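Read the structure below first, then the notes.
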Amino acid sequence: MTSHAEPRVTLPNIRFNRPAVEGPELDYIAESVRGGHLSASGPFTARAAALLRMESGAQEILLTTSCTAALELSAMLLDLRPGDTVVVPSFTFTSSGLAFAREGARILFCDIEPVTLGLDPEHLATLMDDTVRAVVPVHYAGVACDMDGVLAALADWPQVSLIEDNAHGLYGRWRDRPLGSLGRFSTLSFHETKNIVCGEGGALLVNDERDVDRARVLYDKGTNRQAFFLGQVDKYSWKDNGSSFGMSDILAAYLFAQLQRHTTIQSKRRAVWEHYERLLSPHAAEFGFRLPIVPAHVEQAYHMFYVLLPDNATRDAVLKGMGAQGVNPTFHYVPLHNSDGGRRFAARPTECPVTEDISSRLLRLPFYNSLTPTDCDRAVDAFLTALRTFT
Ligand SMILES: *Cc1c(COP(=O)(O)O)cnc(C)c1O
């Protein structure tokens, strides 16, 4: 028996993220494999690092297995001692704090300010004391945090290192300076959820020339192997602390293809961001939600599109309501300061009420390079339908 019912057209789910091949990634991987240098510091590593150096102006770029590893390398370079503390926003990924905690630092969790969702300079100023060795700003969603405020809070503490966790901010700018060029060190992520990807990967950007030699040693299992290959010494040996941080050249091949296509990737992401903003901003006042704020002196990196709903109940209902319509938004960071790990590694308890509030109300819409205008329309429809049903 054949059914006479109309065939029901079900649209495929819109995923939250979908990494895409943008160009010659697979050809480059084949070239890397055929070339026979599969480990770190190979030909594609050099080509990818050269593109990143051009963009950032860094003194040295060390490609790592992840952003977490790059943060760990920066932590090792600080030579942390018992009693040292590092200031980290409570509203970030665990690695921003964990990398320093596992090198022996205690963490001072700082609240965020509600405009950029980055470090709150006023709270930061109250946390500063003689124990602080580093401050780790995150440019949330690829929008520079309040760097004027952060730099002012650090003005009386010249010995404190600024380490930018720039996992979201590659190609973003603050006052015409590239994000990632503002600190002594900065880190990047090429995890599949970021703008430029290679599966798992990252980079340490060394902005102070005086750190370069030692960073290379720690990067290469504590040896002066890099100096050996540069012909600066005639044999290499164990010199210092370190670990195996290097990204395989196979992944660097994938990464190089993505970096070559960065203008295309960024303009696709910009189109998605602007499409969402155009469709959603007319409804913000009616439903009491707010969209991302990009200050005038900031060029954002188009890493994500978030919406702040009026309260936690509405946010959770919209997450669920959109899911029922085949669209997958998601929440974001759960506050670190009152997490189990955060409490374990905190120097002392701190109050982060803005982090708690923002975390409870933030929703991220599906966001990736190949999201079409039709997908965006569907995501916004699902969002508004869920919101209308709830309110
Ligand atoms: C993704 C992310 C990380 C971790 O990146 P990995 O490459 O997965 O280690 C660290 N910090 C922030 C802010 C991130 O978004």
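The values are calculated or read from the model by the stated rules, or taken from the named source; none is laboratory data. The structure displayed is predicted, hence computed values, not measured ones. Note: ideal-geometry Cβ built from the backbone for every residue, glycine included; neighbour counts use all protein chains shown. Accessible surface areas use protein heavy atoms only, side chains included; no ligands, DNA or RNA. Shrake-Rupley method; radii C 1.70, N 1.55, O 1.52, S 1.80 Å.
A few points about this structure:
- With respect to the conditions (1) of a type in the set (Val, Ile, Thr); (2) open to solvent by less than 10 Å² (accessible area, probe 1.4 Å); (3) more than 16 Å from the ligand (Cβ to nearest atom), Ile163 falls short on a single one, namely (3).
- Residue match in segment 171-183 (condition: in contact (Cβ under 8 Å) with a residue 24 or more places away in the chain and under 19 Å from Ala252 (Cα atoms)): yes
- Whichever residue in segment 166-192 is away from the ligand (no atom under 11 Å from the Cβ) and among the charged types (D, E, K, R) and, among such residues, is nearest to Pro366 (Cα to Cα): Arg173
- Just so you know, in segment 99-137 the residues that are touching a Gly at 6+ places or on another chain (Cβ under 7 Å) and buried (at least 18 other Cβ atoms within 10 Å of the Cβ) include one that is nearest to Ser161 (Cα to Cα), and it is Pro137.
- Subset of segment 252-265 (residues that are within 15 Å of Phe367 (Cβ to Cβ) and surrounded by fewer than 20 Cβ atoms within 10 Å (Cβ to Cβ)): none
- Just one of the listed residues (Ser66, Ser96, Ser74) is under 22 Å from Arg361 (Cβ atoms) and of a type outside the set (Val, Ile, Thr), namely Ser96.
- Single residue of segment 356-391 satisfying the filter (of a type in the set (S, T, N, Q) and outside any loop (DSSP other than H, G, I, E, B)) that is nearest to Arg269 (Cα to Cα): Thr374
- Hits in segment 270-322 (condition: under 19 Å from the mean Cα position of the chain (by Cα) and among the hydrophobic types (A, V, I, L, M, F, W, C)): Val272, Trp273, Ile293, Val294, Val298, Ala301, Met304, Phe305, Val307
- Every residue from segment 144-157 that is open to solvent by 10 Å² or more (accessible area, probe 1.4 Å) and of a type in the set (A, V, I, L, M, F, W, C): Leu151, Ala152, Ala153, Leu154, Ala155, Trp157
- Filtered by the rule that a residue be touching a residue at least 40 places away in the same chain (Cβ under 8 Å), away from the ligand (no atom under 16 Å from the Cβ), surrounded by fewer than 17 Cβ atoms within 10 Å (Cβ to Cβ) and in a loop (DSSP other than H, G, I, E, B), segment 193-251 gives Asp208, Asn241.
The rows are residues; the columns are (1) closer than 19 Å to Arg216 by Cα; (2) over 19 Å from the mean Cα position of the chain (by Cα); (3) assigned by TED's automatic domain parsing to the domain that holds Gln300.
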site	(1), (2), (3)
Ala20	no, no, no
Pro43	yes, yes, no
Ala49	yes, no, no
Glu60	yes, yes, no
Leu63	yes, no, no
Pro89	no, no, no
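- Filter pass, Phe93 being touching a residue at least 60 places away in the same chain (Cβ under 8 Å), within 14 Å of the ligand (Cβ to nearest atom) and aromatic (Phe, Trp, Tyr): yes
- Of all residues in segment 69-88, those that are in contact (Cβ under 8 Å) with a residue 40 or more places away in the chain and within 15 Å of the ligand (Cβ to nearest atom) have Cβ atoms under 6 Å from Cβ atoms of residues that are assigned to a helix (DSSP H, G or I) and of a type in the set (S, T, N, Q), 6 or more apart or on another chain, in Leu71/Ser95; Val88/Ser96.
- Tally of residues being open to solvent by 10 Å² or more (accessible area, probe 1.4 Å) and part of a loop (DSSP other than H, G, I, E, B) across segment 169-178: 4
- Looking across segment 266-314 at every residue that is open to solvent by 40 Å² or more (accessible area, probe 1.4 Å) and aliphatic (A, V, I, L, M), the one that is farthest from Leu387 (Cα to Cα) is identified as Ala296.
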